[in-house]
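To start, the structure itself, in structure tokens.
The values are calculated or read from the model by the stated rules, or taken from the named source; none is laboratory data. These figures come from a predicted structure and were not determined experimentally. Note that we place each Cβ from the backbone using ideal geometry, even for glycine, and neighbour counts take in every protein chain shown.
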Amino acid sequence: MHCLNKLLISFLLLCISGCSTLFFYPEKQLVRTPEQVGLAYQDVDIKVSDEVSIHGWFLPVEDNVEVKGTVYFLHGNAQNISTHLRSVYWLPERGYQVFLIDYRGYGKSTGEPLIPDVFHDINAGFLWLIKQPSVQQKPIYLLGQSLGASMSGYLVGTQPEMRDRLSGVILDAGFTSYSEIARHIASDNWLTWLFQYPAAWSMPSDYDLIDVVQNISPTPLLIVHGTQDVVIPYQHGKKLLAKAKQPKAFLSYTGGHIATFNDVGNQNLLLEFMQKFTPTKP
């Protein structure tokens, strides 16, 4: 969830308006394509409504590599899929297809990002994905990072039809609630310290991951968090783990915010989690 520090000054307005747009920092310009880092890809455009369409990339596995499954990737609150590609570019050579989308307002996606409107984008992407022939009869895993973890985890926890189609859920650096993360950000700077509680009170309370994370069970859940994360404190991950039900696992690593898959060891641990929970009949 890069650029959350940009929210500091905005909290003065937030206390008045409670506007969820302050959680989103989209960039329209794509800085690279998968082809530029040696990956095959398909451009995907999905119509969500008459006013909104979302854009994504589907990354097939490399030639002569067996398809082991598919990862549906939901990125954090800043930039777009071209910058977050670094978290998942390594998966196709390891046998996992990847589908990553930009929420409305990001990259080539139209519209304005708002909560809960962005939930329709995540759902639309998922419905497109499960209809693809190459995805059929293979496990599907959801991987969300930062704001993407909190939003997508909330949807899995409230929509059994999504939960039951997934073979595993990975939530990397998710936060427990909008009010708690807002209070943390405000309290971390002397300019906004006095506004930490008004900021927390102004946040939406109907879409908090901590309230529904237990409902992800019985789908296997992996919670990931860096011990040096100063954007979303490590304790958020521990609280989510405590509330979640089995089967669950926790990947703790020494590192900062969503730096997880810069490390090959963490990549291998993710693969071990997915392989452990690969169903015989997806």
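Residue pairs whose Cβ atoms lie under 6 Å apart, separated by 6 or more positions or on different chains, with the first residue in segment 48-74 and closer than 16 Å to K131 by Cα and the second of a type in the set (S, T, N, Q), are F58/Q42; P60/Q97; T70/Q97. If we scan segment 77-88, do we find a residue that is under 17 Å from the mean Cα position of the chain (by Cα) and basic (K, R)? Taking every residue of segment 77-88 in turn, at least one turns out to be under 17 Å from the mean Cα position of the chain (by Cα) and basic (K, R). Considered as a group, the residues in segment 248-272 that are assigned to a loop (DSSP other than H, G, I, E, B) and surrounded by fewer than 15 Cβ atoms within 10 Å (Cβ to Cβ) include one that is farthest from the chain's Cα centre (by Cα), and that residue is T254.
Whether any residue in segment 165-186 is surrounded by fewer than 22 Cβ atoms within 10 Å (Cβ to Cβ), modelled with pLDDT under 95, hydrophobic (A, V, I, L, M, F, W, C) and farther than 21 Å from G69 by Cβ is what I want to check. Scanning segment 165-186 turns up no residue that is surrounded by fewer than 22 Cβ atoms within 10 Å (Cβ to Cβ), modelled with pLDDT under 95, hydrophobic (A, V, I, L, M, F, W, C) and farther than 21 Å from G69 by Cβ.
Every test in (1) at pLDDT below 95; (2) in contact with a helix residue (DSSP H, G or I) (Cβ under 7 Å, 6 or more places away or on another chain); (3) surrounded by fewer than 22 Cβ atoms within 10 Å (Cβ to Cβ) is passed by Y89 save one, and that test is (1).
Note on segment 273-282: residues that are touching a residue at least 60 places away in the same chain (Cβ under 8 Å) and part of a helix (DSSP H, G or I) total 3.
Scanning segment 47-71 for residues that are farther than 14 Å from R94 by Cβ, in contact with a strand residue (DSSP E or B) (Cβ under 8 Å, 6 or more places away or on another chain) and assigned to a loop (DSSP other than H, G, I, E, B) gives a single hit, V48. If you take the residues of segment 83-115 that are among the hydrophobic types (A, V, I, L, M, F, W, C) and touching a residue at least 60 places away in the same chain (Cβ under 8 Å), which of them is nearest to L142 (Cα to Cα)? Going through the qualifying residues, I end up with V88. When segment 234-247 is filtered for residues that are buried (at least 21 other Cβ atoms within 10 Å of the Cβ) and assigned to a loop (DSSP other than H, G, I, E, B), only A244 remains. Every listed requirement among (1) among the hydroxyl-bearing types (S, T, Y); (2) buried (at least 20 other Cβ atoms within 10 Å of the Cβ); (3) over 16 Å from the mean Cα position of the chain (by Cα) is met by S152 save one, (3). Note down all Cβ pairs under 8 Å where the first residue falls in segment 204-223 and is at pLDDT below 95, the second is of a type in the set (G, A, S) and surrounded by fewer than 17 Cβ atoms within 10 Å (Cβ to Cβ), and they're at least six residues apart or on different chains. Going by the 8 Å Cβ cut-off, the qualifying pairs are P204/G18. Testing Y89 on (1) touching a His at 6+ places or on another chain (Cβ under 9 Å); (2) not aliphatic (A, V, I, L, M); (3) not in a helix (DSSP H, G or I), one condition comes back false. Which one is that? Single failed check for Y89: (1).
Restricting attention to segment 122-151, the residues being under 19 Å from D208 (Cβ atoms), out of contact with any helix residue (DSSP H, G or I) (no Cβ under 6 Å at 6 or more places or on another chain), among the small types (G, A, S) and in a helix (DSSP H, G or I) number 2.
Taken over segment 92-121, residues that are buried (at least 24 other Cβ atoms within 10 Å of the Cβ) and assigned to a helix (DSSP H, G or I) amount to 2.
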